[in-house]
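Student: Starting off with a structure, shown below.
The values are calculated or read from the model by the stated rules, or taken from the named source; none is laboratory data. None of the values given here were measured: they were computed from a predicted structure. So basically every Cβ, Gly included, is an ideal-geometry build from the backbone, and we count neighbours across all protein chains shown. Each accessible area value is taken on the protein alone, full model and side chains, heavy atoms only, with ligands, DNA and RNA left out. Shrake-Rupley method; radii C 1.70, N 1.55, O 1.52, S 1.80 Å.
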Amino acid sequence: MTVVPGVIANCAANAWWWTLFGDVGIDPVEVFHRIDSLITPLVARAFETAPTGDELDVAARQTAHQNLGDLTRTLELVR
């Protein structure tokens, strides 16, 4: 059985912020579509990065660290 790493599976746990800030409406279909559009590529990337299914957690964490670095650089440019 393959288990999606928590760092990916829980990435949409704060989806309510999207409605609060107007990124999506309150329609559940719209919210679930947004969640799917975020999680599906992250899972695919983890599978592409991990040499074996046992290393999905490592691949997911590497992706998270890379994304954090990308976000940090972007925010520094905005300043």
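Student: Whole number in Å², please: accessible area per residue of the chain, 1.4 Å probe, ligands, DNA and RNA not counted.
Tutor: Here the per-residue accessible area is 76 Å².
Student: Could you work out what % of the accessible surface of the chain is carbon and sulfur, using a 1.4 angstrom probe and leaving DNA, RNA and ligands out of the count? It would help to have the intermediate numbers written out before the result.
Tutor: Working: 3620 of 5980 Å².
Roughly 61 percent of what the probe reaches on the chain is carbon or sulfur.
Student: With no solvent and one equal point scatterer per Cα, compute the Debye intensity ratio I(q)/I(0) for the chain at 0.16 Å⁻¹ and report its log10, rounded to two decimals.
Tutor: Here the Debye-derived log intensity ratios amount to -0.71.
Student: Let me ask something else. What figure, in Å² to the nearest 10, do you get for the accessible area of Phe32 with a 1.4 Å probe and non-protein molecules left out?
Tutor: That residue has around 140 Å² of solvent-accessible surface.
Student: Using a basic spin-label model with each label point 7 Å from the Cα along Cα→Cβ, how many nm lie between Ile26 and Val58?
Tutor: It works out to 4.7 nm between the two label points.
Student: Dipole magnitude of the stretch 18-79 about its Cα centre, charges +1 at Lys/Arg Cβ and -1 at Asp/Glu Cβ only, in debye to the nearest 20? Can you show the working numbers first?
Tutor: On the way: 5 positive and 10 negative charges, 53 e Å.
For the stretch 18-79, the charge dipole is close to 260 debye.
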